[in-house]
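Report on one structure; see the data block that follows.
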Amino acid sequence: MSFLPVSYQALPGVVAGATHYVLEVMIILTILGVLTFYIYYLISSRKEAVEEAAGKEGYTDSSEYVRDKMYGRKRKADFSMFIYDDAKSIGLRYIFTGIAFLFLAGSFGVMMRVSLVDPNPVVISPVLYDIFLTQHATLMIYMFALGVGFGFAYYLLPSYLRLKKDNMGTLSSVAYWIWLLGGALFVVSRSSMRWYMYPPLSLQLTPYGAGMANWLAVIAMELIFIGITMASIIVLKIIFLDRADDMPLSKMPIFAWSIVFTLIMVVSSDPPLMVGLGMLFYDFFNPVFFTASSNTVLNFAILFWFWGHPIVYIAVLPFFGLIYEIIQKFTGGKVYSYSSAIIGMGTLLIFSELVWGHHLLNSGLGVDWVLFFTTTSFVVVIPSAISVFNWIATLWTADRIRLSTPMLFVINAIFDFILGGIEGVMLANDSFNEIAHGTYFVTGHFHFIFVGMTLGVTMAVFYMLYPTFSGGRVYNERLAKWHFYITAFGSFLMSFSWSVGGFLGMPRAVAGYFPFFQPYQDSAIIGGVIIGIGQLVFLYNIATSWLKKPVTDTNNAFETVEDIPAAVSEAEPLAKDTQAVNGGE
Amino acid sequence: MEGNKGGVTLALVIIVVIALGMTYILSAPTVEGITPTNFSHKYVASVHLGANANGWDFPTGPYNFDNGTVNPTFYYKVGTLVYYNVTEEDDLPHTLTIGYDGSATSTIGSSLIANPGLIKKSPTSYEFTSKSYTVVTESQLTQVPGHTASGKYPFQTAGVYTYWCTVHPTTMFGLIFVNATSAGTSVQFHQLNNTPVLQNGLDSLNSFNFKYQCTIPNTIATITGENFEGQ
């Protein structure tokens, strides 16, 4: 199929029409329904056992019984995380769902890369490319980065903060399912409106517009927002009201602080876009808001970026906190400066609300506002540099650094963050932004940070928690090292090629390119495929090592026995019925 | 506690998720059913057809379907945007689908010109062509006689086209010839008895409209300034 300025070169065998679309959705929903029923069948017997046991001990609410029983225990990953709603089970749900979406959105990304082997879109059509682009971006940010961030918060904070009680499980569970439903519906919508949903494109319900079911994508985004807002408020409540009495805010772990800042950003910045999405949805039926003659589509862009810049920090800030924690574990010392860590991340929270205009520097905001946003964007360097120098100082002053896989991921994350951060500062310069804004330079900038930091630190924490997840198994260190080296090399190659090509003017977010840019695209394709292969190594490692016998205890570096007061009760065997619940092990 | 399949389950779930997601996205409707956005047409025409399982009915007068020509042949200039109004004459499902068979000099094109009956002998050779486009879909029609649905098709390339109904491909089919020669500003319009009627573009539109009471969906000004996506 050649490039398609001429129409009617339809894909053979594909039949268009609303009827077929509905049929297709029905088939997929049926498959999902059968799977869900099977899982329900698997867990319903366990649920009955739990209810019986809860009744014997006088609980009317079996969830409360589970939360009391599971409280303070290190939590193994199995199917029961989808029925239990103690904080750790919720955390496991978020972590594993996030990783599933990482692989889904990652496969979309690899597909996009592969489709660019030729300057003309010969592999997939431009419409499909746009869909992959939208899905990759949205799923990676909202389902992977946010999901894993929430997962680590729910999983680690009960141990870190020695919670007094764990009583918001049902609401957390509801928030999780709403969030997951939103993510699933976003895939079903096959929207191609880009992750920032600008009208009037997002109002065009055609394949060449934003997708036939783009209205569904807008609903899906609202669901995601409802889910994350609920979860944010619950986690903030856990941190501020439920932590142990002997833990003042000034002694809270840095990770808890990073979560506080992240969630304040969520609850303070997402209302504008939630309102904007509601107006956008109304515009489908009665276009009075953004496309009316009395209004401008720039208003939506402003509503979006008021949330859109904080979400970028939301996707990295929990991982700032995790880097601080991991470095402490692998150097055996304390972090170099606790207070500057908190100040650095806290200032980032303030600036995240003040720099959103740098996404719209070319939209005609006026010189005054451009100066304001450019200046604040430059000032953001200070809190970021505070964190970077704090990490470096912690490593510098350490007696020895253990370079096992998680630490390698963290060091690579710091390296990539510096590179991507410097590119970000360059982009904050308005005169350069005007040239580079529409190019792969921007793509290279945020992929350095997202692949290096968000993905890398997620993998580091997953490896560190793996013995607990798997009930005492260890991953293959050799394969894990391969996973690291492949991912780090691939991500550097891909982002660096994009940065160089973008500097020369390679336009981003399009299904083709000028043949002049072939070398940069080709090396980025190789990099992207290499990242994909690296994640397959990870999956293989996890699958095979989980099959082996447990060889160690289920402790992990994050939640040692001393950290958890209730872990004393681990000496007592669980009640028999609870053992049955846990799979009879 | 022996080996546990937790990791394998995770891997399987991820593989299933990727497979389902990829298949679903790759099967998205893309180019089919879409008129091009950048098509600048020179001529506009309107045709009113009666959808009848016995053959496409071309009315000879206003609301006079039964005495029409069955499966007429049409002639257009390159660059003509044709509005199709399809009125249902029976209670059966129909589509109006148009496919490009090739240039008039290609094998299939010349053989069709020489012997239009060929298309009746092997309907599948054109029915599943990858370059077909359904102007009026099955879901636009109601199986209620008298109901009319509309669509449009821009003829951008010279050559031989076939129009047919995918439900009744052996009876409801006909040929469309699109002429590339640009002599004059006329539109070669539908013809009866193999004699093309030459008319000026706008005149032909108006006279045709007047003569057959066909519905022109928009004014000329709107049509020329129209964005063709999302019809």
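Suppose R0 equals 60 Å; then what is the FRET efficiency for residue A:372 and residue B:91 from their Cβ-Cβ distance, rounded to the nearest 0.05? Write out the running numbers ahead of the final one.
On the way: r = 68 Å, r/R0 = 1.13.
Efficiency, rounded to the nearest 0.05: 0.35.
A simple count of charges around residue A:376, restricted to other residues whose Cβ falls under 14 Å of its Cβ and scoring Lys, Arg +1 and Asp, Glu -1, yields -3.
What number do you get for segment A:162-312 when its Cα radius of gyration is normalised by 2.2 N^0.38 Å, N = residues?
1.24
Just to confirm a number: summing +1 for Lys and Arg and -1 for Asp and Glu over residues other than residue A:216 whose beta-carbon lies under 12 angstrom from that of residue A:216, what do you get? Within the 12 Å Cβ shell, the charges total 0. Chain A and chain B together bury an accessible surface of about 4300 square angstrom, both sides counted, with a 1.4 Å probe and no ligands or nucleic acids included.
Annotation note: trypsin sites (Lys or Arg not before Pro) in segment A:122-222 located in DSSP loop regions with a Cβ neighbour count of at most 16 within 10 Å are A:164, A:165, A:194.
The P(r) of segment A:80-227 has a tail past 24 Å containing 39 percent of all C-alpha pairs.
A simple count of charges around residue A:123, restricted to other residues whose Cβ falls under 15 Å of its Cβ and scoring Lys, Arg +1 and Asp, Glu -1, yields -2. Amide H to amide H, with H built 1.01 Å from N, residue B:75 comes under 5 Å of B:177, B:190, B:191, counting only residues 5 or more places away or on other chains.
A straight chain from residue B:54 to residue B:23 at 0.36 nm per residue would run longer than the Cα-Cα distance by 7.2 nm. Note on segment A:273-395: Cα-Cα pairs beyond 22 Å make up 50% of the total pair count. Principal axis analysis of the Cα atoms in segment A:459-528 yields extents of 53, 21, 17 Å, listed in decreasing size. Element breakdown for chain A at a 1.4 angstrom probe: carbon and sulfur atoms account for 70% of the accessible area. Size descriptor for chain A, Kirkwood hydrodynamic radius: 25.1 Å (Cα pairs only, one decimal).
The alpha-carbon positions of segment A:93-152 define a convex hull whose volume is 58 Å³ per residue. Note on residue A:36 and residue A:299: the model spin-label points, each 7 Å out from Cα along the C-beta direction, lie 3.7 nm apart. Calculated accessible area for segment A:359-415 comes out at 51 Å² per residue, all protein chains present (probe 1.4 Å; ligands, DNA, RNA ignored). Ordering A:143, A:489, A:198 by Cα displacement along the dipole of chain A toward the positive end leaves A:489 in first place; charges were set at the Cβ atoms of Lys, Arg (+1) and Asp, Glu (-1).
Helical runs (DSSP H, four residues minimum) scored at -39500 (n - 2.57) apiece and divided by the length of chain A put the mean residue ellipticity at 222 nm at -22500 deg cm²/dmol. At a threshold of 50 Å², the residues of segment A:98-123 that become less accessible to a 1.4 Å probe in the full protein assembly than in their chain on its own are A:104.
The values are calculated or read from the model by the stated rules, or taken from the named source; none is laboratory data. Computed from a prediction, not measured in an experiment: that's the story for all the values here. For neighbour counting, all protein chains shown are included, and Cβ atoms are generated from backbone atoms with ideal geometry for every residue, glycine included. Protein only, heavy atoms only, side chains kept; ligands, DNA and RNA dropped before computing areas. Shrake-Rupley method; radii C 1.70, N 1.55, O 1.52, S 1.80 Å.
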